[in-house]
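For reference, the structure discussed in these notes is given below.
The values are calculated or read from the model by the stated rules, or taken from the named source; none is laboratory data. As the structure is a prediction and not an experimental result, all values here were calculated from the model. Positions of Cβ are backbone-derived with ideal geometry, glycine not excepted, and every protein chain shown enters the neighbour counts. Side chains included, ligands, DNA and RNA excluded: accessible areas come from the protein's heavy atoms. Shrake-Rupley method; radii C 1.70, N 1.55, O 1.52, S 1.80 Å.
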Amino acid sequence: MTTQTTSLATDYRSAFAEFEGVAYLNASLQGPMPLVAVREAVAALEWKKHPYRVPDSAYFDLPDRIRDKVARLVGGQPEEIAVTTGTSTGLAAIAAGIDWKPADEVLVGRGEFPAHFSTWLRYEEAGKLRVRVVEPKGRFISADDYIEAIGPQTRVISASLVRFDNGTRLDSARVARACEKFGTALVLDLAQCAGAMKIDLRELGASMAVCSGYKWLFGPYGTGFFWVASEWMERLPLGAVNFMALEGAREFHALPSGNLRLAPGARRWDSAEPASFTNLAAFDSALDFVLRIGVDAVERYNDALLAEIIDGLPRTNCSLASPPERARRGPYVCVSARDPRETQALYEKLRAAQVSVSLREHALRVSPHIYNTPEDISRFMKILSE
């Protein structure tokens, strides 16, 4: 590990609470809130304890600050961002908004996160669409697998940019080009990468994107966003609309009873009560924190930590369960025992040694972040080598 990388970890470790002796390598499950965001959460709870202190700006300005900061992280525009409670909320808005025809199909990759299946379930059961599962031809799903499956009936592809189970990164730009032929919407799930690697949704070719805010973005559980490309806004009919998405909503007491009009932009898909300030105040601060560090710095640092894991993997008893090529992998790696049946036992050993990772599909999901140190990686590697 270089001196520069070690120094970076030292700089940011103090921005978080003590982890009580735990080597926390599990950002892909829950990212810890930085202390500055915790303080904002406490301040917001004080507002609720003394509601006469809640500033009027909290109801509208706070969600708008979230839009602005998220847009800077994903290469979008603030007016393209809806403030939601997580990935599933955005997917639900898409499913509710589209005028489905019985022959329509949604493509979902084998082994995707369950929300990519559950979202469409009631529509499929009602005969409004068909979910078709895309089978990977190789060990990891690829752009080619989706491209070969696209056809005239494909209305939506629902896919993770980085898979939750093995860290595979989708070449979404190639998939997007294939979607153009049939007018198919490419919906990307950014939950396992936003905040940890550079994202430009235009370059990625997405039509829409959904994301939770509590993993790599350090926000509270129950935060997230939904991005809609401007050219798709009018193509995606509305589902439920909350009153704060209306023109003139800041002066809600003066809104007319008729002739209501939507405000421009993606706020029409905000979750109800979008100014949930007990969550959003902390999320706003967490986004500031990520922007101050810079996603490029996070990505470089994580790459160095992950390289230590990949290069030092004890190949006699472990194997890499993620793509080895950096371009095909997200911000974490998965490792399994040579005999997959032994991975559970390895996971239990790590837990006993206070090394926190996730167990997914007979593999250990190892997801360091800016607060981790080379010593955390050494503790992990030592358990693997025993």
Quiz prompt | Pairs with Cβ under 7 Å, 6+ apart, first in the range 206-224 and surrounded by fewer than 24 Cβ atoms within 10 Å (Cβ to Cβ), second part of a strand (DSSP E or B) and among the small types (G, A, S) | solution = S207/A185
Practice problem: Being in contact with a strand residue (DSSP E or B) (Cβ under 6 Å, 6 or more places away or on another chain), not polar (S, T, N, Q) and not in a strand (DSSP E or B) is the filter here, so list the residues in the range 310-337 that pass it. | Solution: A321, P323, R328, G330, P331, Y332
Practice problem: Go through (1) over 18 Å from T89 (Cβ atoms); (2) buried (at least 24 other Cβ atoms within 10 Å of the Cβ); (3) more than 9 Å from the chain's Cα centre (by Cα) and name the single condition C193 misses. | Solution: (3)
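Tally up the residues in the range 100-118 that are part of a loop (DSSP other than H, G, I, E, B) and crowded, with 16+ Cβ neighbours inside 10 Å, please.
Narrowing the range 100-118 to residues part of a loop (DSSP other than H, G, I, E, B): 100-104, 110-114.
Narrowing the set further to residues that are crowded, with 16+ Cβ neighbours inside 10 Å leaves 100, 104, 111-113.
Number of matching residues: 5.
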Self-check item: Failed item, numbered, when L121 is tested on (1) open to solvent by 60 Å² or more (accessible area, probe 1.4 Å); (2) within 16 Å of the chain's Cα centre (by Cα)
Solution: (2)
Exercise. Please determine, by comparing only the residues of the range 125-148 that are without any contact (Cβ under 8 Å) to a residue 12 or more places away in the chain and under 22 Å from A95 (Cβ atoms), which one is most open to solvent (accessible area, probe 1.4 Å).
Key: E125
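The rows are residues; the columns are (1) open to solvent by 80 Å² or more (accessible area, probe 1.4 Å); (2) closer than 30 Å to A209 by Cα; (3) modelled with pLDDT of 95 or more; (4) in a helix (DSSP H, G or I).
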site	(1), (2), (3), (4)
D11	yes, no, no, yes
F19	no, no, yes, no
G31	no, yes, yes, no
V36	no, yes, yes, yes
R39	yes, yes, yes, yes
K48	yes, no, no, yes
Y52	yes, no, no, yes
A58	no, yes, no, yes
I66	no, yes, yes, yes
Self-check item: Close pairs from the range 338-358: first at positive phi, partner surrounded by 13 or more Cβ atoms within 10 Å (Cβ to Cβ), Cβ under 8 Å, at least 6 apart
Solution: Q354/V22; Q354/A23
Practice problem: Name the single residue, out of those in the range 361-386 being touching an Asp or Glu at 6+ places or on another chain (Cβ under 9 Å) and either farther than 20 Å from A194 by Cα or free of Cβ contacts under 8 Å to residues at least 24 places away in the same chain (or both), that is surrounded by the most Cβ atoms within 10 Å (Cβ to Cβ). | Solution: A363
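Quick check on L280: is it open to solvent by less than 10 Å² (accessible area, probe 1.4 Å) and either touching a residue at least 24 places away in the same chain (Cβ under 8 Å) or in a loop (DSSP other than H, G, I, E, B) (or both)? If you could, list the steps in order and put the result at the bottom.
On the way: open to solvent by less than 10 Å² (accessible area, probe 1.4 Å): yes; either touching a residue at least 24 places away in the same chain (Cβ under 8 Å) or in a loop (DSSP other than H, G, I, E, B) (or both): yes.
Judged against the criteria, L280 is a match.
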